[in-house]
Amino acid sequence: NFHGLDFTSDKLRSLVRKWQSLVEANVTVKTADDYVLRVFAIAFTKRQANQVKKTTYAQSSKLREVRKKMIEIMQREVSNVTLAQLTSKLIPEVIGREIEKSTQSILPLQNIHIRKVKLLKQPKFDLGSLLALHGEGSTEEKGKKVSSGFKDVVLETV
């Protein structure tokens, strides 16, 4: 049961700094198992190795290019996996590294994360998929009665 994913406010505020540009992108995408999600990504511009200038601001045209590339990658990575596979992709930041590699030629970026995932629409409840998710629940074993070594002591006089 996936309800969504979000950065904590302290983590988000620790990433935001002065003298750099912030790039945010979001996309609504449908997974392979018919969940409709809205995925939000965040990235920040990075200083060059030999940079003298204090700021690392980006031109708005470069930001648009990067945002377009981020949306394209998020759609590609999310649309052809199931929700369970997506959660295993989100935890080690696979999508963030993919965005960083592909946008390196446009603009050097750092701290690229999937900031939030909202669950917009779930597929209809299917008992078969639930059983497949939790393993087949049709075992023949039944529980046994356990005898406890505890005996009640009854007082004859009060």
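Every number here is computed from the coordinates shown, using simple stated rules; none is lab data. Bear in mind the structure is a predicted one, so any value in this text is a computation, not a measurement. Heads up, the Cβs are rebuilt from the backbone with ideal geometry, glycines too, and the neighbour counts pull from every protein chain shown.
The Stokes-Einstein estimate for the chain, based on a Kirkwood radius over Cα pairs and taken at 25 °C with 0.890 mPa s viscosity, is a diffusion coefficient of 128 µm²/s. Between region 1-32 and region 60-76, the C-alpha centres lie 15 angstrom from each other. If only the Cβ of Lys and Arg carry +1 and only the Cβ of Asp and Glu carry -1, the dipole of the chain around its Cα centre is close to 1300 debye.
Using a cutoff of 8 angstrom between alpha carbon atoms and counting only pairs six or more residues apart, the relative contact order for the chain works out to 31 percent. Straight-line cross-link reach from residue 121 at under 17 Å between alpha-carbon atoms covers these lysines, not counting any fewer than eight positions away in the same chain: 30. When the Cα positions of 39, 80, 15 are compared along the charge dipole of region 4-122, 15 comes out farthest toward the positive end, with charges on each C-beta of Lys, Arg, Asp and Glu. Working note: Karplus 6.51/-1.76/1.60 with θ = phi - 60° gives region 46-54 the couplings 10, 6, 6, 5, 10, 6, 9, 4, 5 Hz, where Gly and Pro are set to x.
With a Förster radius of 35 Å applied to the beta-carbon distance between residue 146 and residue 38, the computed FRET efficiency rounds to 0.10.
Looking at the chain alone, DSSP beta bridges between its own residues are antiparallel in about 95 percent of cases. In the chain, a dipole from Cβ-located charges (positive for Lys and Arg, negative for Asp and Glu) runs towards its positive end, and of 120, 153, 135 it is 120 whose Cα lies farthest in that direction.
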